[in-house]
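The values are calculated or read from the model by the stated rules, or taken from the named source; none is laboratory data. Source: prediction; values computed, not measured. FYI the Cβ positions are ideal-geometry reconstructions off the backbone, even for glycines, and counts take in every protein chain you see.
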Ligand code: NAI
């Protein structure tokens, strides 16, 4: 085999089979907030993704260490660390996907809205740089409150003249991940056989927004189907809505979800990369500009493609319980959206 390998000068059999430049296009991913609780495991997971050829890790401090560490992993992407605002442009230049987990996390007793002032300012300055250095990148917004930070990003991009609603995403994947896990756990008892083995194939759409009651899991559309009682559906809905708080309380002052969020963020970024690369039928729930309801932004299933959002899918058939939940969430979601828009235009 040594002889065969050396018959193609300069190209090892690994790079030919695995990630030779012909097999997947060059893609640069930037993580902003890469030294944080979410940022570090998310950077690790993006380093494992064969669709990434360049990984830029940016934070206000600490990224040289994270980048050196992650760069030793023997996967495709080249890793570079950028620390401090003067290096932000370099981190962003040429990025296809920018993932933003920068900001402060919740502590017990805080709501996502309590984070507003600090995180809104951080998101605004990062998005100003995105508009300047990589205006065509797909932006994956993780920083909370997502219900407000996504509208802030939209306003910043509009002012810069770079806004493209197809390229801005609020990452709500963690709600979907939780809904799937909790549903599978509950449904297992109600379905004969091997439901647990099917866990990766469990699907639950989650719509609305990304805080408390604005998170609306549609368990009536969950697959595989299970015969759950109204009480069980109600309990699952509440647990999904309060999933973040469950982790905040268990961490008792040491932050919010980081590992499950990194997983969810990596799933969503992977879907964006697949869409960019022309893989058909890539569908994930996300908080995007939307006509699905009268609200300007709304989370629902989205088909991803070469330009980002290819199609925002509708809600499908809702049960009375879900219809009630939808009407109940609208005022709160609208006020969070308006709060974001107001902040962006006032500051
Ligand atoms: P963390 O405090 O551990 O990390 C945040 C990182 O952001 C730190 O390394 C910090 O230096 C960095 N940072 C602060 N200002 C920055 C700036 N201007 N530019 C670049 N980086 C900056 O917090 P954690 O736990 O990683 O959470 C990050 C954010 O993600 C929070 O806003 C949190 O609420 C949100 N989150 C969102 C979830 C979702 O489902 N969308 C779930 C969990 C958390």
**OP:** Return a yes/no flag: does region 286-299 have any residue that is within 22 Å of residue 330 (Cβ to Cβ), without any contact (Cβ under 8 Å) to a residue 60 or more places away in the chain, in contact with a strand residue (DSSP E or B) (Cβ under 8 Å, 6 or more places away or on another chain) and part of a helix (DSSP H, G or I).
**Re:** no
**OP:** Determine whether residue 62 is at pLDDT 95 or above, surrounded by 15 or more Cβ atoms within 10 Å (Cβ to Cβ) and on the phi > 0 side of the Ramachandran plot.
**Re:** yes
**OP:** Only residues in region 245-262 that are more than 9 Å from the ligand (Cβ to nearest atom) count as the first member; pair them with residues that are assigned to a helix (DSSP H, G or I), Cβ under 6 angstrom, at least 6 apart or cross-chain, and list the lot.
**Re:** 259/41
**OP:** Give just the number: which of (1) surrounded by fewer than 21 Cβ atoms within 10 Å (Cβ to Cβ); (2) free of Cβ contacts under 8 Å to residues at least 40 places away in the same chain; (3) farther than 25 Å from residue 156 by Cβ; (4) within 13 Å of the ligand (Cβ to nearest atom) does residue 109 not satisfy?
**Re:** (4)
Original post:
in a loop (DSSP other than H, G, I, E, B) and more than 11 Å from the ligand (Cβ to nearest atom), is that true of residue 94?
Top reply: yes
**OP:** Return only the number of the condition from (1) over 25 Å from residue 337 (Cβ atoms); (2) free of Cβ contacts under 8 Å to residues at least 40 places away in the same chain that residue 119 does not satisfy.
**Re:** (1)
**OP:** Please enumerate the residues belonging to region 134-169 that are more than 15 Å from the chain's Cα centre (by Cα) and assigned to a loop (DSSP other than H, G, I, E, B).
**Re:** 134, 135, 136, 161, 162, 163, 164
**OP:** Report, by residue number, each residue of region 211-257 that is surrounded by 21 or more Cβ atoms within 10 Å (Cβ to Cβ) and not in a helix (DSSP H, G or I).
**Re:** 211, 215, 216, 217, 218, 222, 256, 257
**OP:** Would you confirm whether any residue within region 325-333 is out of contact with any strand residue (DSSP E or B) (no Cβ under 8 Å at 6 or more places or on another chain) and closer than 21 Å to residue 103 by Cβ?
**Re:** yes
Original post:
Taking residue 318, is it more than 25 Å from residue 55 (Cβ to Cβ) and crowded, with 19+ Cβ neighbours inside 10 Å?
Top reply: no
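Conditions (1) surrounded by fewer than 17 Cβ atoms within 10 Å (Cβ to Cβ); (2) out of contact with any helix residue (DSSP H, G or I) (no Cβ under 8 Å at 6 or more places or on another chain); (3) within 19 Å of residue 264 (Cα to Cα), marked per residue:
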{"position": "54", "(1), (2), (3)": "no, yes, no"}
{"position": "72", "(1), (2), (3)": "yes, yes, no"}
{"position": "80", "(1), (2), (3)": "no, no, no"}
{"position": "94", "(1), (2), (3)": "yes, yes, no"}
{"position": "139", "(1), (2), (3)": "no, no, yes"}
Subject >> Residues that are part of a loop (DSSP other than H, G, I, E, B) and without any contact (Cβ under 8 Å) to a residue 40 or more places away in the chain, drawn from region 300-342 >> reply: 306, 313, 314
Original post:
Any chance region 78-91 includes a residue that's in a loop (DSSP other than H, G, I, E, B), within 14 Å of the ligand (Cβ to nearest atom) and in contact (Cβ under 8 Å) with a residue 12 or more places away in the chain?
Top reply: yes
